[in-house]
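Read the figures in this text as sums done on the coordinates, not as results from a lab. For clarity, every value in this text was computed on a predicted model and none was experimentally measured. When we count neighbours, we look across all protein chains shown, and the Cβ atoms used for this are built from the backbone with ideal geometry, even at glycine.
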Amino acid sequence: MAAPRLRFAPSPTGYLHVGNARALLFNWLVARRQGGEMLLRIEDTDVDRSRPELTDDILDQIRWLGLEWDGEPVHQSERLHLYAKAADTLLAAGHAYWCDCTSEQVQRRAAERGGPPGYDGHCRDRGLAGGEGTALRFRVPDEGTTSFDDIVRGSVSFDNAKLEDFVLLRSSGIPTFLLANVVDDAEMGITHVVRGDDHVNGTPKYLLIGRTLGLDHHPVFAHLPQLVNEQRKKLSKRRDSVSVAEFRDAGYLPEAMVNYLALLGWGPPDGVEIRPLDEIVELFRLEDVTPSPAFFDVRKLQHVNATYIRALEPDRFVARARPFFAHGQATEHVVAPIAELVRDRVRLLTEVEPMVDFLRDDEVTIDDESWRKHVVKHGERAGAMLDAAIAGLGACDWRADAIEAVLVEAAATAGFVNPEGRPQMSKAQGPVRVAVTGRAVGPPLYESLVVLGRGRTLDRLRAARAAL
RNA sequence: GCCCCCAUCGUCCAGUGGCCUAGGACGCCGCCCUUUCAAGGCGGUAACACGGGUUCGAAUCCCGUUGGGGGUGCCA
């Protein structure tokens, strides 16, 4: 069998969202796996809705995900002549006819009939000539069935009698998706049509057009299950926050995003979910894709993202978090020394800066609740702890181990000890941590103090002591 | 309404007639580790929608019911 050719065919009527990205990924995986190509086709025939700038966004997101296409992107708006020619062929052969019904008329007649909505074939035999206000409709056969084999769904068939005569060319002369899609797939030599299963019902029309046109085009189909929200509804750009750009901006790594997306509707045979893309390429098979809809679970995505972040070398971690620093260099300067410690505590790259701001800023704001629960609650001991810390830290070496020794000693002095008389650092570090970082949670304390510096550490400890 | 689908833990995936007293992952809960928080280790919670068949035997095959989704545009 010749090298497969796949295509990702987004419409620039919206941003690239995770559902598109998943379809893109599956196409890309098949192409890579089988040594074929994945082409990119921009379906911009709807002049009213297509927005050129969205094409740029889509291309940007595809590049960001690292799922690049082969060759030059094809724009349908530049190939209108191909569709016009196909329409002529169908018309000449009597497989299409002109119709001057407005959609209002079509709907009204359907309502009056009380029957199913849709076009009733009103203009089939009227012999109208094309021109102003007329659309070209495909004449669907009255009998027979149109069926196809779908890699994920098995055999699917439709009764032609249930298909309405659909529009090929709008009255503006611009082709619809139905026509352009088939003509292009044939012309581009597409062998695998892998797309969302919202296209299943349109597939018989695709087949009918191709067949009637006499195209030697027999792609295999794979309709991917829908990605749904918590209400089990198809993800919607309006209802759900699903644009790929939003995830990028929220601090997700593209490789984590791609890995997670691969897990929706598919799973590796050995159960190892988080793994390099090249391994997924090797394992992926359309035959293994599940036919049921999958819930897009942001929590699991976060877990995958955190795992990818933790796998980063410390300097790489800092480099990749850098674009998310509002304070740039200043933040980078304080993160770098404790990169590994911070890295293991974040799920998103956007969480890095807020975790270390206390190291960067001159002033620290004390969180009320932390102050109450970790300082005030300990009463006298908290004051004693701060006093001992101030005394000890004023003179020790400024290294993590020396700082630890001082604070352990301070804990014993202040009475933070367990029943066996051992210093109890889980509680003793509280007053110091809150005084210095402003809150109860954060990176490991001793290492943080090293970065903060003796001066600012002592200032903050004294300020807290005074406030007690 | 009509057409096309889907149906295993809360969620994602495994399971393709006996290996299933149903497995892994996320989440959640507990314990351990521990300078907070994470991470890590250990353990736990939790599912074959229902009813009929077929079969020696069904989560796996068939039919029906129920539930859910998608489509039904001069959108894609």
- line: Net charge near residue A:298 (other residues with Cβ under 12 Å of its Cβ; Lys, Arg +1; Asp, Glu -1) is -1
query: Which of the cysteines in chain A are isolated, no other cysteine C-beta under 4.7 Å?
result: A:101, A:396
- prompt: How big, on average over all directions, is the shadow cast by the Cα convex hull of region A:322-468, in nm²?
  reply: 8.6 nm²
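For chain A, what's the relative contact order in percent, using C-alpha pairs closer than 8 Å and at least 6 residues apart?
On the way: 720 pairs, mean separation 56.2, N = 468.
In percent, rounded to a whole number, it is 12.
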field: Ratio Rg/Rh, restricted to region A:274-405 and using Cα atoms, in which Rh is the Kirkwood radius
entry: 1.14
message: Just to be sure I understand the curve: with the Debye formula and one point per C-alpha of region A:344-387, what is log10 I(q)/I(0) at q = 0.14 Å⁻¹?
response: -0.52
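Whole-Å semi-axes of region A:217-328's equivalent ellipsoid, largest first, each the root of 5 times a Cα gyration tensor eigenvalue?
Equivalent ellipsoid semi-axes, largest first: 28, 19, 12 Å.
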- prompt: Binned at 5 Å from 0, what are the whole-percent values of the Cα-Cα distance distribution for region A:114-230, short to long?
  reply: 2, 10, 18, 21, 21, 14, 9, 4, 1, 0, 0
statement: Rounded to the nearest 500, the 222 nm mean residue ellipticity computed for chain A from DSSP H runs (n ≥ 4, each -39500 (n - 2.57)) alone is -13500 deg cm²/dmol
task: Sticking with the crude label model, points 7 Å out along Cα→Cβ, report the distance from residue A:170 to residue A:113 in nm, one decimal please.
output: 2.4 nm
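So, by mean Cβ neighbours within 10 angstrom, what's the order for A:2-15, A:40-53, A:99-112 with the highest one leading?
Details: A:2-15: 19.6, A:40-53: 15.8, A:99-112: 14.0.
Result, highest mean Cβ count within 10 Å first: A:2-15, A:40-53, A:99-112.
Could you give the C-alpha radius of gyration of chain A expressed as a fraction of 2.2 N^0.38 Å, taking N as the number of residues it contains? Can you show the working numbers first?
Details: Rg = 31.7 Å, N = 468, 2.2 N^0.38 = 22.8 Å.
Expressed relative to 2.2 N^0.38 Å, the Cα Rg reads 1.39.
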query: Under a 5 Å amide H to amide H cut-off, with H placed in plane at 1.01 Å, what residues pair with residue A:220 once short-range neighbours are removed?
result: A:192, A:193
